[in-house]
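A.B. asks: Starting off with a structure, shown below.
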Amino acid sequence: MLLRVLGTAAGGGLPQWNCACPGCAGARRDPSRRRLHDALAVHGTAPGDWFLANATPDIAEQLESHPGLRPDDGRRRTPVVRVVLTDAELDHTLGLLRLREAARIEVWCTEPVRKALASRLPLTEVLAPYAELVWHDLPLTGEGRPAVIGGLGVSALPLSAKRPRYAADEPAHPAWSTALLVRDPGTGAGALYAPSIAAWSQRLDAELADADFALVDGTFLDEDEPGRNGLSTRTATAMGHLPVRGPEGTARRLHRTGARALFTHLNNTNPLVDPDDPEHERLARLGLGVAEDRMAVSL
């Protein structure tokens, strides 16, 4: 199994077009600090067998940045037409519209996510004149067999009932926001992808301990970051993202599981977007770090 990190930034990317905070200003001065929206490409068991974890607004740039994700010489069609979604947030789904040149787009997601995308946006109707959009149910962990995509087993671990704003009045459901569990049945290698963690559970603890590698929500460094930067009057947790730092922060929790994990989905206000910030050293002492755009992990 091969994981290619397509992007590591939270909504808006880094820099955000409407922001001049230290993180965005630093990324404008130094292009190497720029980050695309958080997303992942996963290579299965056969040559060219890719699928995407989430489809972001900058998906075209993400795909072009990896030669293995481009069409073969002489071919007009892209080989990437399969997408697995962690949630229904706009930053994770608007890229489906950018894939409209494909003849067929296959999407795996949980039931509430599919209903929101098919009826509220509505993607099926909008894409119909361009491409065939095919929906597949993404099984929940422990409830039936995982979906087989590219020869890999994929399932969703429910994390929270956090709904996107455009679907705020939709019924509550535990699988609005999920982590993806991907396992190679041949080697037994497993990866966990959780770009949004609103609450920690014993099941998440167990799955992280069992995974060979994990990409985990690192949106905010600490609980008060949103208020301190004028983003919101709510705390990080209230916004649906457990903070990295703190007695019960995700860094200490991950350290206790012994997981091989990197943080992703960094907000532009997070000091971790600065490679020289001392917080990187503190994470390193816990055996943790920050994922970088275009990095590859082989399992």
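A.B. asks: Which numbered condition trips up ASP205, out of (1) out of contact with any strand residue (DSSP E or B) (no Cβ under 8 Å at 6 or more places or on another chain); (2) free of Cβ contacts under 8 Å to residues at least 24 places away in the same chain?
C.D. replies: The failed condition is (2).
A.B. asks: Go through the range 203-215 and count every residue that is surrounded by fewer than 17 Cβ atoms within 10 Å (Cβ to Cβ) and part of a loop (DSSP other than H, G, I, E, B).
C.D. replies: Qualifying residue count, the range 203-215: 0.
A.B. asks: If I filter the range 175-194 for residues that are at pLDDT below 95, over 19 Å from GLY150 (Cβ atoms), surrounded by 16 or more Cβ atoms within 10 Å (Cβ to Cβ) and among the hydrophobic types (A, V, I, L, M, F, W, C), do I get at least one hit?
C.D. replies: Among the residues of the range 175-194, not one is at pLDDT below 95, over 19 Å from GLY150 (Cβ atoms), surrounded by 16 or more Cβ atoms within 10 Å (Cβ to Cβ) and among the hydrophobic types (A, V, I, L, M, F, W, C), which makes the answer no.
Per-residue answers, yes or no, for (1) on the phi > 0 side of the Ramachandran plot; (2) touching a residue at least 60 places away in the same chain (Cβ under 8 Å); (3) assigned to a loop (DSSP other than H, G, I, E, B):
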{"residue": "VAL5", "(1), (2), (3)": "no, yes, no"}
{"residue": "ALA20", "(1), (2), (3)": "no, no, yes"}
{"residue": "ALA27", "(1), (2), (3)": "no, yes, no"}
{"residue": "SER32", "(1), (2), (3)": "no, no, no"}
{"residue": "GLY48", "(1), (2), (3)": "yes, no, yes"}
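A.B. asks: Something else now. When you check LEU272 against the structure, is it without any contact (Cβ under 8 Å) to a residue 40 or more places away in the chain and in contact with a helix residue (DSSP H, G or I) (Cβ under 9 Å, 6 or more places away or on another chain), yes or no? Walk me through it before giving the result.
C.D. replies: Numbers: without any contact (Cβ under 8 Å) to a residue 40 or more places away in the chain: no; in contact with a helix residue (DSSP H, G or I) (Cβ under 9 Å, 6 or more places away or on another chain): yes.
So LEU272 does not fit the description; no.
A.B. asks: On the given criteria, is THR56 among the polar types (S, T, N, Q) and surrounded by fewer than 17 Cβ atoms within 10 Å (Cβ to Cβ)?
C.D. replies: Working: among the polar types (S, T, N, Q): yes; surrounded by fewer than 17 Cβ atoms within 10 Å (Cβ to Cβ): no.
Judged against the criteria, THR56 is not a match.
A.B. asks: Out of GLY153, GLY227, which single residue is touching a Lys or Arg at 6+ places or on another chain (Cβ under 9 Å), small (Gly, Ala, Ser) and under 30 Å from ALA20 (Cβ atoms)? Quick ask: steps written out before the conclusion?
C.D. replies: On the way: GLY153 fails: under 30 Å from ALA20 (Cβ atoms).
Selected residue: GLY227, the only one of GLY153, GLY227 that is touching a Lys or Arg at 6+ places or on another chain (Cβ under 9 Å), small (Gly, Ala, Ser) and under 30 Å from ALA20 (Cβ atoms).
A.B. asks: Can you pull out the residues in the range 143-159 that are surrounded by fewer than 18 Cβ atoms within 10 Å (Cβ to Cβ) and either among the β-branched types (Val, Ile, Thr) or more than 19 Å from PRO47 (Cβ to Cβ) (or both)?
C.D. replies: GLU143, GLY144, ARG145, ALA147, VAL148, GLY153
A.B. asks: Please verify whether ASP72 is at negative phi, surrounded by fewer than 18 Cβ atoms within 10 Å (Cβ to Cβ) and not in a strand (DSSP E or B), treating the condition exactly as stated. Before you say what the answer is, go through the steps one by one.
C.D. replies: Working: at negative phi: yes; surrounded by fewer than 18 Cβ atoms within 10 Å (Cβ to Cβ): yes; not in a strand (DSSP E or B): yes.
It is true that ASP72 is at negative phi, surrounded by fewer than 18 Cβ atoms within 10 Å (Cβ to Cβ) and not in a strand (DSSP E or B).
A.B. asks: Moving on. In this structure, does LEU140 turn out to be modelled with pLDDT of 95 or more and crowded, with 22+ Cβ neighbours inside 10 Å?
C.D. replies: Numbers: modelled with pLDDT of 95 or more: yes; crowded, with 22+ Cβ neighbours inside 10 Å: no.
So LEU140 does not fit the description; no.
A.B. asks: Give me the pairs: first residue in the range 237-256 and modelled with pLDDT of 95 or more and crowded, with 19+ Cβ neighbours inside 10 Å, second residue in a loop (DSSP other than H, G, I, E, B) and hydroxyl-bearing (Ser, Thr, Tyr), beta-carbon distance under 6 Å, and six or more apart or on different chains, which are they?
C.D. replies: That search, which allows pairs on different chains as well, returns HIS241/THR219.
A.B. asks: Taking the conditions exactly as written (assigned to a loop (DSSP other than H, G, I, E, B), over 16 Å from the mean Cα position of the chain (by Cα), farther than 23 Å from VAL297 by Cβ and not small (Gly, Ala, Ser)), does PRO247 satisfy them or not? Write out each step before concluding.
C.D. replies: On the way: assigned to a loop (DSSP other than H, G, I, E, B): yes; over 16 Å from the mean Cα position of the chain (by Cα): yes; farther than 23 Å from VAL297 by Cβ: yes; not small (Gly, Ala, Ser): yes.
Yes.
A.B. asks: Additional query: Any residue in the range 216-229 that is of a type outside the set (D, E, K, R), assigned to a loop (DSSP other than H, G, I, E, B) and farther than 19 Å from THR8 by Cα?
C.D. replies: Our first condition is that a residue be of a type outside the set (D, E, K, R); within the range 216-229, this holds for 216, 218-221, 226-227, 229.
Of the ones still in play, those that are also assigned to a loop (DSSP other than H, G, I, E, B) are 218-221, 229.
Add one more test, that the residue is farther than 19 Å from THR8 by Cα, and what stays is 229.
Yes, some residue in the range 216-229 is of a type outside the set (D, E, K, R), assigned to a loop (DSSP other than H, G, I, E, B) and farther than 19 Å from THR8 by Cα.
A.B. asks: State the number of residues belonging to the range 267-276 that are out of contact with any strand residue (DSSP E or B) (no Cβ under 6 Å at 6 or more places or on another chain) and surrounded by 15 or more Cβ atoms within 10 Å (Cβ to Cβ).
C.D. replies: First pass over the range 267-276, keeping only residues out of contact with any strand residue (DSSP E or B) (no Cβ under 6 Å at 6 or more places or on another chain): 267, 269-271, 274-276.
Going one step further and asking which of them are surrounded by 15 or more Cβ atoms within 10 Å (Cβ to Cβ), we end up with 267, 269-271, 274.
Going through the range 267-276 one residue at a time, the tally reaches 5.
The values are calculated or read from the model by the stated rules, or taken from the named source; none is laboratory data. Since the structure is predicted, the reported quantities are computational estimates derived from the model, not experimental observations. Quick reminder, even Gly has a Cβ in these numbers, built from the backbone with ideal geometry, and neighbours come from all protein chains shown.
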